[in-house]
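Heads up, the thing below is written out as structure tokens.
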Amino acid sequence: MNQRPSHLFYQGRQRRPVLDQARGVYMWDVDGKRYLDGSSGAMVCNIGHSNENVLEAMRRQMEKSTFGYRLHFETEASEKLAAKTAALCPEGLNRVFFVSGGSEAVESAMKLARQYAIAVGKDSRWKIISRAPSYHGCTLGALAITSYDPLTKPFEPMMQAMPKIPAPRAYLDGLDPEDEATGHHYADMLEAQILAEGPDTVLAFIVEPVGGASTGALPPPKGYMERVQEICRKYDVLLILDEVMTGAGRTGKFLACEHWDLQPDIIVMSKGFAAGYVPLGAMAAHERLVEAVLDAGGFLHGYTYAGNPLACAAGVAVIEEIERQGLVQNSATMGAKLMDRLEGLMQRYPIIGDVRGMGLLTAFEFMADRKTKAPLPAHLKAFDRFVNIAYDNGLIVYSRRTRNGVEGDHIIVAPPMIVTEGHLDEITQMLDTSLA
Ligand code: PMP
């Protein structure tokens, strides 16, 4: 990648190509090179790029109004999106609060949970237990419940890091993820942690139903999510599902919680919810929580740009496209086919130590040794290098370190949910060339 000067800075010094156009599953840079978007950006562009119906809905809204401050006006678009969202959530989660991204949605959930506890006289409850590793966002609040050392450790003096339990990684611990005893083994760590903290101090447990950036598309072991919910209920601890990455069809259901028929207290969404057309996120909360907070005087939280009509109009159109094209089903069908292809690559490339996923959220992990699960030496930065090789071959994938950000290399493959088998063939071919 070249080193041209720029006033922009994101993470490192490395520069990326300059994006020109994007259509469907493809993107072109200003030099005319074509890329297949094999990770939907960062699991965002679930319905593909430049969907004409979404663009048209946005144009129509822009002609009417682009901004109305949420404390001054409600809008047709925000009312409609809230109703659509509530209808797609588990029963009772029928109050929706809009934000502009995943971190904001997580912050909102943390603050709603706390205000609810105060409203019902449980002021002693403030700890939010989460998992290690995990990723819930980059703001200081969301970082406090995130565990990914390079991102969290430098900021610990500035925030109150919350208690963590190990994320279930059966494949590293030599346990069978299909055995319910494995799920219970990990879930019971939550109970132990609640007891160690003192149940009267524990406000909530937050969990990504399928681990995203931190553990690399890792589904929970059998029985885990159901047991976690049971434990939360037993100790009156709120269950918050972070569906920022898994929501909007990514795992083969509209919400991942449908796989286990869960009844959480709060769900947060973003990414695929607006599919990259606008910055948008949502917190759907149980009416019991919201009513208590409103009775106690109101929710002391909100962002200026949140719930603006343009974002909400795009959000409505995205959900309508997901429904019209049957993309949730396609995510399940194509996801299963993609997993087969990744398993095929694993048979041919010993460097792949594990393949996993759910729907079109899939990943493979590099290992030095499949038996011992030893990661590749960290200094090789395989997670980064593979992305660059794939880029050169015209495929965009998403990579991170698997083991708390320190070592381990996983590559997430999560193309837009509009993919066909032909696209999967192309992806497999480019992965094959890049692995070789
Ligand atoms: N939660 C999860 C599970 C995520 O994957 C992310 C983003 N990777 C976030 C929260 C934060 O979202 P955002 O980057 O939009 O703030």
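The values are calculated or read from the model by the stated rules, or taken from the named source; none is laboratory data. Nothing here was measured: the structure is a model prediction, and the numbers come from that model. As a convention, Cβ positions derive from the backbone with ideal geometry for all residues, glycine included, and neighbour counts pool all protein chains shown.
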query: Is there any pair linking a residue in the stretch 175-186 that is farther than 8 Å from Pro221 by Cα to one that is of a type in the set (D, E, K, R), with Cβ under 7 Å and at least six apart or on different chains, and which?
result: His184/Arg227
- prompt: Only one residue in Glu178, Glu208 is of a type in the set (Asp, Glu), within 15 Å of the ligand (Cβ to nearest atom) and out of contact with any helix residue (DSSP H, G or I) (no Cβ under 6 Å at 6 or more places or on another chain). Which one?
  reply: Glu208
query: Taking Ala296 and the conditions (1) surrounded by 24 or more Cβ atoms within 10 Å (Cβ to Cβ); (2) over 14 Å from Pro416 (Cα atoms); (3) not polar (S, T, N, Q), which numbered condition does it fall short on, given that it satisfies the others?
result: (1)
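Residue-by-condition table, conditions (1) β-branched (Val, Ile, Thr); (2) assigned by TED's automatic domain parsing to the domain that holds Arg356; (3) more than 16 Å from the ligand (Cβ to nearest atom):
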{"position": "Pro166", "(1), (2), (3)": "no, no, yes"}
{"position": "Gly183", "(1), (2), (3)": "no, no, yes"}
{"position": "Val202", "(1), (2), (3)": "yes, no, yes"}
{"position": "Thr215", "(1), (2), (3)": "yes, no, no"}
message: Among the residues of the stretch 20-34, are any part of a helix (DSSP H, G or I) and either of a type in the set (Lys, Arg) or free of Cβ contacts under 8 Å to residues at least 24 places away in the same chain (or both)?
response: no
message: Looking at Phe299 and the list (1) within 13 Å of the ligand (Cβ to nearest atom); (2) touching a helix residue (DSSP H, G or I) at 6+ places or on another chain (Cβ under 7 Å), which single condition is not satisfied?
response: (1)
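If I filter the stretch 163-170 for residues that are aliphatic (A, V, I, L, M), part of a helix (DSSP H, G or I) and under 21 Å from Asp354 (Cα atoms), do I get at least one hit?
yes
Here's the yes/no breakdown for (1) more than 24 Å from Phe97 (Cβ to Cβ); (2) not basic (Lys, Arg):
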| site | (1), (2) |
| --- | --- |
| Ile266 | no, yes |
| His286 | no, yes |
| Leu310 | no, yes |
| Ala332 | yes, yes |
| Gly335 | yes, yes |
| Arg341 | yes, no |
| Ala363 | yes, yes |
task: Consider only pairs whose beta carbons are under 9 Å apart and that are at least six residues apart or on different chains; among these, list those whose first residue lies in the stretch 300-321 and is surrounded by fewer than 18 Cβ atoms within 10 Å (Cβ to Cβ) and part of a loop (DSSP other than H, G, I, E, B) and whose second residue is of a type in the set (Ser, Thr, Tyr) and at pLDDT below 95.
output: Thr304/Tyr69
- line: Expected output for the stretch 55-82 (first residue under 20 Å from Ser270 (Cα atoms), partner aromatic (Phe, Trp, Tyr) and not in a helix (DSSP H, G or I), Cβ below 7 Å, 6+ apart or cross-chain) is Met58/Tyr277; Ser78/Phe98
- prompt: Looking at Val228, is it at pLDDT 95 or above, of a type in the set (A, V, I, L, M, F, W, C), touching a strand residue (DSSP E or B) at 6+ places or on another chain (Cβ under 7 Å) and assigned to a loop (DSSP other than H, G, I, E, B)?
  reply: no
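Please find, among Ile165, Ile128, the residue that is free of Cβ contacts under 8 Å to residues at least 60 places away in the same chain and among the β-branched types (Val, Ile, Thr).
Ile165
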task: Select from the stretch 378-412 the residues that are part of a loop (DSSP other than H, G, I, E, B) and charged (D, E, K, R) and list them in ascending order.
output: Lys381, Arg401
- prompt: Can you tell me which residue in the stretch 89-114 is nearest to the ligand (Cβ to nearest atom), limited to those that are in contact with a Gly (Cβ under 6 Å, 6 or more places away or on another chain) and of a type in the set (A, V, I, L, M, F, W, C)?
  reply: Val106
query: Would you call Pro133 within 16 Å of the ligand (Cβ to nearest atom), within 21 Å of the chain's Cα centre (by Cα), on the phi < 0 side of the Ramachandran plot and crowded, with 17+ Cβ neighbours inside 10 Å?
result: yes
Unique residue being under 25 Å from the mean Cα position of the chain (by Cα) and not assigned by TED's automatic domain parsing to the domain that holds Gly252 when the list is Gly344, Gly394: Gly394
